[in-house]
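Notes to accompany the following structure.
Just so it is clear, none of the values below were taken in a lab; they were calculated from the coordinates. Quick caveat, the model's predicted, so the values are computed rather than measured. Neighbour counts run over all protein chains shown; Cβ positions are idealised from the backbone, glycine included.
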Amino acid sequence: MVQQVLINDDDYYVPDANQLVTENETLENFATSKHKRLLISSLYSSLQQQSFLAAANVGIYHTDEQPAIVPDVFLSFDVQLSQNWWEKQNRCYMVWRFGKPLEVVLEIVSNKEGDELGKKLKIYEQMRASYYIVYDQNQQLGEKVLRVYELRGRRYFETSENCLEQVGLGVTLWEGKFEDRQDTWLR
């Protein structure tokens, strides 16, 4: 039931925002959207000498007969998009077509429903993505804002290092302005 609040004498009501779904697996919020743009644009402006693919909200197929998983952001080195990206087989990342798993997968926590530290962690681990990063700005999953997992053998291990040594990158929290918004950003 949506609670309504009286806002004037004409009996005009508005829904209580706390009762609305503002983000879920298919609906994202403004902050998440901006973070994705910042991360991807940073990669494309700084890694110009390398062949790679970075994308947001693109399906990843890693196992036959399993549905796609859709990370907030991913990065894969030494791959290229097909010239005809409108063909069905070129619209998403199929591990068997690109010939390799992803190097970095990132999830931005919007709510507790995403299961970033449970089901998603296990899927990315099974997929053998080199790094899995969970950014939890509002600390919905615990006290840590940033978690970095590194694949060692067949298992993920949480690391206190923000340096992604295998791919020559790092992640950090940055205080700054992006798209006219001063905030703390993941870079």
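Using every Cα-Cα pair within the range 29-186, state what percent have a distance larger than 18 Å.
Details: 7320 of 12403 pairs.
So the pairs more than 18 Å apart make up 59 percent of the total in the range 29-186.
Which value, in debye to the nearest 20, gives the size of the charge dipole of the chain about its Cα centre, when Lys and Arg are +1 and Asp and Glu are -1 at the Cβ?
Numbers: 20 positive and 28 negative charges, 204 e Å.
Here the chain has a charge dipole of around 980 debye.
Using only the alpha-carbon atoms, how far is helix 30-46 inclined from the longest principal axis of the chain? Give it as 0 to 90 degrees, nearest 10.
That works out to roughly 30 degrees.
Return a single number: how many Lys pairs in the range 83-155, at a sequence separation of 8 or more or on separate chains, have alpha-carbon atoms below 23 angstrom apart.
So the count works out to 10.
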